[in-house]
1. Please list, by residue number, every one of the chymotrypsin sites (Phe, Trp or Tyr not before Pro) in the stretch 1-67 that is coil in DSSP and has at most 16 other beta-carbon atoms within 10 Å.
2. Kindly report the accessible area of the chain per residue (heavy atoms of protein chains, probe 1.4 Å, no ligands, DNA or RNA), in Å².
3. Put a dot 7 Å past each Cα toward the Cβ at Q112 and F57; how far apart are the dots in nm?
4. Run the reach check for K87 against lysines, Cα to Cα strictly under 28 Å, same-chain hits fewer than 8 apart removed. What comes back?
5. Once Rh for the stretch 42-117 is found with the Kirkwood sum over Cα pairs, what is the Stokes-Einstein diffusion coefficient at 10 °C and 1.306 mPa s, in µm²/s?
6. Expressed as a whole percentage, what fraction of the accessible surface of the chain belongs to carbon and sulfur atoms when a 1.4 Å probe is rolled over the protein heavy atoms?
7. Hey, rough spin-label estimate for K43 and L11, points 7 angstrom out along Cα→Cβ, what's it come to in nanometres?
8. Identify the chymotrypsin sites (Phe, Trp or Tyr not before Pro) of the stretch 69-106 meeting these criteria: DSSP loop state and at most 14 other C-beta atoms within 10 Å of the C-beta.
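The values are calculated or read from the model by the stated rules, or taken from the named source; none is laboratory data. What you are looking at is a predicted structure, and each value in this text was computed from that prediction instead of being measured. Here the Cβ positions follow ideal geometry from the backbone for every residue, glycine too, while neighbour counts run over all protein chains shown. Only protein heavy atoms, including side chains, enter the accessible area calculation; ligands, DNA and RNA are left aside. Shrake-Rupley method; radii C 1.70, N 1.55, O 1.52, S 1.80 Å.
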Amino acid sequence: QVQLVESGGGLVQAGGSLRLSCAASGRTFSRYTMGWFRQAPGKEREFVTQITWSSGFTAYADSVKGRFTISRDYAKNTMYLQMNNLKPEDTAVYYCAAKLQGTYDYWGQGTQVTVSS
């Protein structure tokens, strides 16, 4: 089974930075796409960014492009989300996820990011 565990969330002031980590276990991920989603209270879960494990090709939601950077470490089976210039609207629970094709199949439990104004 694939297991994903997020960490690195916390409280930060607007304009600050955080780095989230997602540790994966149970599989090799060379054929997977992995991504980050977020969900604020009362809102649906939304796509933030994703990375193709083998190639490193990335995609970003317009709301975070230029501020967030996704990356992965093959040796550690870990992906990261570097979040810079955080805004209050970035406040959400952040989830890592993985898929082979189509919709995402595997999800972590989430880590809280709170950005104060």
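1. Passing both the DSSP loop test and the Cβ count: F57.
2. Details: 6300 Å² over 117 residues.
Per residue, the chain has 54 Å² of solvent-accessible surface.
3. Distance between label points: 3.8 nm.
4. Candidates past the 8-residue exclusion: K43, K65.
5. Numbers: Rh = 13.6 Å.
Taking Rh from Cα pairs, D becomes 117 µm²/s.
6. 47 percent
7. Between K43 and L11, the label points sit 2.1 nm apart.
8. In loop regions of the stretch 69-106 (DSSP not H, G, I, E or B), the sparsely surrounded chymotrypsin sites (Phe, Trp or Tyr not before Pro) are Y74.
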